[in-house]
1. Tell me yes or no: at least one residue of the range 77-92 is open to solvent by less than 80 Å² (accessible area, probe 1.4 Å) and within 19 Å of the chain's Cα centre (by Cα).
2. Report, by residue number, each residue of the range 57-105 that is in contact (Cβ under 8 Å) with a residue 60 or more places away in the chain and of a type in the set (D, E, K, R).
3. Pairs needed: first member in the range 203-224, closer than 18 Å to V178 by Cα; second member anywhere, among the small types (G, A, S) and modelled with pLDDT of 90 or more; C-beta distance under 8 Å; at least 6 residues apart or different chains.
4. Please verify whether R17 is open to solvent by 70 Å² or more (accessible area, probe 1.4 Å), of a type in the set (D, E, K, R), out of contact with any helix residue (DSSP H, G or I) (no Cβ under 6 Å at 6 or more places or on another chain) and modelled with pLDDT of 90 or more, treating the condition exactly as stated.
5. Name the single residue, out of those in the range 19-53 being without any contact (Cβ under 8 Å) to a residue 12 or more places away in the chain and under 14 Å from the mean Cα position of the chain (by Cα), that is farthest from R153 (Cα to Cα).
6. Identify the residue in the range 148-175 that is among the charged types (D, E, K, R) and open to solvent by less than 10 Å² (accessible area, probe 1.4 Å) and, among all such residues, is modelled with the highest pLDDT.
7. As an exercise: evaluate N71 against (1) open to solvent by less than 20 Å² (accessible area, probe 1.4 Å); (2) at pLDDT below 90; (3) over 19 Å from A114 (Cβ atoms) and give the number of the one condition it does not meet.
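The values are calculated or read from the model by the stated rules, or taken from the named source; none is laboratory data. These figures come from a predicted structure and were not determined experimentally. Every residue, glycine among them, receives a Cβ derived from its backbone with ideal geometry; neighbour counts consider all protein chains shown. These area figures cover heavy atoms from the full protein model, side chains too; ligands, DNA and RNA do not enter into them. Shrake-Rupley method; radii C 1.70, N 1.55, O 1.52, S 1.80 Å.
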Amino acid sequence: MNVLFVEDEAKIANFVRAGLKEQGFTVDYCDNGDDGYLRALDNEYDVIILDIMVPGKDGLSILKQLRRQNNNTPVILLTARNELDDRLQGLNLGADDYIAKPFFVEELAARIHAVVRRSVGERQNVLAIGALKLDRITREVTCNGRVIELTSREFNLLEYLMRSPGRVFTRTQILEHVWGYDFNPNTNVVDVCIQRIRKKIDSLNEVGLIESIRGVGYRFRKPE
C-alpha cells in the first residue's frame, strides 16, 4: 500500500518509515504540513498518516481541507496521549482513526489495514487485469490460478503499475514511489526488477503485460 506519512520528529519518522517498509508498505514522507498537503492533493495514496502538531499546516487543518475537497483517502491521526480534544476534533472532521504516542509500528500497520478495508471494501483490495490478480491485503499474486512468488520490492512495483493500466511511468517516478528514496537516475535497478517480474508472469500468460516505452519508462498493458 502507498502511505503518505507527515511527521516532524525525526526519530519517530525514521523508526516508523523503517518499520512500515519492512512490512511491505511504500512510504512517501515529509516533515511539514505544507508539503504534506500538496502531496496529498497531487498523488493517490491508500492512507495518510498525519501528526497533528507539525510545522506549517497542522494535521487538523490538512484533514479539514482535504475533506472539504471531497478527498476521502483514509486518514490516521498521530496525537499526544493526553490530547483528548484533538482526537475528538479529528474524528469529527472526518479522520478514520487515531493512534496515541508512543505506539508500536505493528499496531500502526494493523490500523492501516483496518481503515483501508473499511474504506474501499474487501473486493477492491484485489487488482485484477486479465488472468493476473494481485491481492493488496494478503500480498498474493496469481496468474491463471497459479501463485507467483514475488519479493516485497517486486510486489510493490507490480502493484504500482497495475493501479493505473495504460499510464506510462518514468524510471524516476518508479524509483521515487517504489524504492522510496533517491537513486542515481542512471541506475538500472528498475529495469532489473521489471525483468524479474516479467520472467515470473509472462510464462503463465500469453500476452506480455508490462510494456517498455523506449526512452521513457514502463506501463502495464491496458485491457482491451
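1. yes
2. Residue satisfying the conditions is K101 alone.
3. Close Cβ pairs satisfying both conditions: Y218/S212.
4. No; evaluated as a whole, the condition is false for this residue.
5. Ranking the qualifying residues of the range 19-53, first place goes to D42.
6. E154
7. That leaves (1) as the condition not met.
Listed here are the residues, each with its yes/no results for (1) modelled with pLDDT of 85 or more; (2) touching a helix residue (DSSP H, G or I) at 6+ places or on another chain (Cβ under 7 Å); (3) of a type outside the set (A, V, I, L, M); (4) under 20 Å from T26 (Cα atoms).
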residue: A114; (1), (2), (3), (4): yes, no, no, yes
residue: R146; (1), (2), (3), (4): yes, yes, yes, no
residue: H177; (1), (2), (3), (4): no, yes, yes, yes
residue: E224; (1), (2), (3), (4): no, no, yes, no
